Amino acid sequence: MSASTPILELNRDEPGMPFEIHTMQWIDQNRWQQNSVPHRHKYFVIIWVKKGTGIHLIDLDKFELHNDTVYCITPGQVHLLNTSGAAEGYVISFTSDFMGLAVENLDLLFNTGLFNSFSHSPVINVNKDMQTEMEDMATRMMKEYANFFLLRSEILRGYLKIFLVFLTRQFERSGEAESQTRNIDLVKRFFALIEKNFISKRMVTDYADELVVTPNYLNEVVKKVTGFPASHHIQQRTILEAKRQAAYSNLSMKEVAYQLGFDDIAHFSKFFKNAAGQSFTDFRKNLTASLP
């Protein structure tokens with residue numbers, strides 16, 4: 001897999017609309033070339049597979065496609081969708097800016113658990129009760145997206161918000177999200193901060209200061225909720241990005257280390273081996289045969 005493609009660069013600016021919705025058939029016919037290799041975006045993507053079979057590669061995990069499953073792709077995640085024959089469903093893409101700065105809208109993106117890219121499975125099984133509601137919103141979004149009437153963006157934003165609420169309810173029913181307690185809220189805010197700052201901040205004290213708690217308290221709460229201390233999650237987010245680059249780019253270890261904020265290549269090499277259980281070079285070699 002050759003992947004010197006700049007789509008894997010951390011700071012690449014991608015052009016495009018702040019919101020799109022298409023059927024999976026349309027994507028297959030019109031975006032097949034750019035979607036034929038592992039890639040990632042700087043916007044959120046929701047893929048609702050209503051009918052279809054195949055494999056969805058998300059970062060380093062492979063998921064078999066099943067009917068009525070939703071995949072929530074977070075900005076920065078690497079993914080590749082390979083369907084076996086025709087598939088039915090919707091692909092919704094949008095930026096955080098499109099949702100606006102209202103607190104409740106940001107909560108839907110960052111505090112519901114839908115888009116925590118490394119803390120849970122990105123797959124949601126849609127039950128029959130929710131299918132009708134979600135299909136209605138998807139149909140409304142498709143119709144409005146095809147028109148260019150007055151306040152089009154406002155209406156699309158409203159429909160998307162309702163769709164995300166329905167999806168969040170389904171997410172909670174499936175047991176993927178925890179109840180809204182103070183501890184859970186702290187952990188969610190901690191994960192959101194990691195996603196924004198993992199390159200520049202790797203100490204628990206950095207995050208504790210922003211969350212206005214002590215490092216010991218943050219470690220205790222995070223471990224109680226997730227089973228691992230805060231330091232583990234900071235390390236795992238960094239190593240996830242390093243693994244992505246090892247798997248999907250031909251950047252050297254030195255270049256990857258530099259992108260991730262390591263000035264000392266020996267320090268990065270030791271960090272990677274301790275976290276991944278093998279050297280950067282061995283990890284890359286072992287993945288060659290297993291990834292498409």
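The values are calculated or read from the model by the stated rules, or taken from the named source; none is laboratory data. None of the values given here were measured: they were computed from a predicted structure. Counting neighbours? That spans all protein chains shown, and the Cβs are built from the backbone with ideal geometry, glycine included. Protein only, heavy atoms only, side chains kept; ligands, DNA and RNA dropped before computing areas. Shrake-Rupley method; radii C 1.70, N 1.55, O 1.52, S 1.80 Å.
Report, by residue number, each residue of segment 73-98 that is of a type in the set (A, V, I, L, M, F, W, C) and either assigned to a loop (DSSP other than H, G, I, E, B) or touching a residue at least 60 places away in the same chain (Cβ under 8 Å) (or both). Let's see the steps before the verdict.
Initially, segment 73-98 is screened for residues of a type in the set (A, V, I, L, M, F, W, C), giving 73, 78, 80-81, 86-87, 91-92, 94, 98.
Across segment 73-98, the qualifying residues are 78, 80, 86, 87, 91, 92, 94, 98.
Would you check which residues across segment 107-126 are modelled with pLDDT of 85 or more and either surrounded by 18 or more Cβ atoms within 10 Å (Cβ to Cβ) or assigned to a loop (DSSP other than H, G, I, E, B) (or both) and list them? Walk me through how you get there before you give the answer.
If we filter segment 107-126 for residues that are modelled with pLDDT of 85 or more, which is where we start, we get 124-126.
124, 126 - these are the residues of segment 107-126 that are modelled with pLDDT of 85 or more and either surrounded by 18 or more Cβ atoms within 10 Å (Cβ to Cβ) or assigned to a loop (DSSP other than H, G, I, E, B) (or both).
When you go through (1) within 17 Å of residue 38 (Cβ to Cβ); (2) open to solvent by less than 30 Å² (accessible area, probe 1.4 Å) one by one for residue 250, which number turns out not to apply?
So residue 250 meets the others, but not (2).
Residue check, residue 238 against (1) open to solvent by 30 Å² or more (accessible area, probe 1.4 Å); (2) within 24 Å of the chain's Cα centre (by Cα); (3) at pLDDT 90 or above; (4) not hydrophobic (A, V, I, L, M, F, W, C), all met but one. Which one?
Result: residue 238 fails condition (1) only.
In segment 183-206, which residues are open to solvent by 40 Å² or more (accessible area, probe 1.4 Å), closer than 19 Å to residue 242 by Cα and not small (Gly, Ala, Ser)?
Of everything in segment 183-206, those that are open to solvent by 40 Å² or more (accessible area, probe 1.4 Å), closer than 19 Å to residue 242 by Cα and not small (Gly, Ala, Ser) turn out to be 195, 196, 199, 201, 202, 203.
Just one of the numbered conditions (1) over 24 Å from residue 63 (Cβ atoms); (2) open to solvent by 30 Å² or more (accessible area, probe 1.4 Å) is not true of residue 226; which one?
Single failed check for residue 226: (1).
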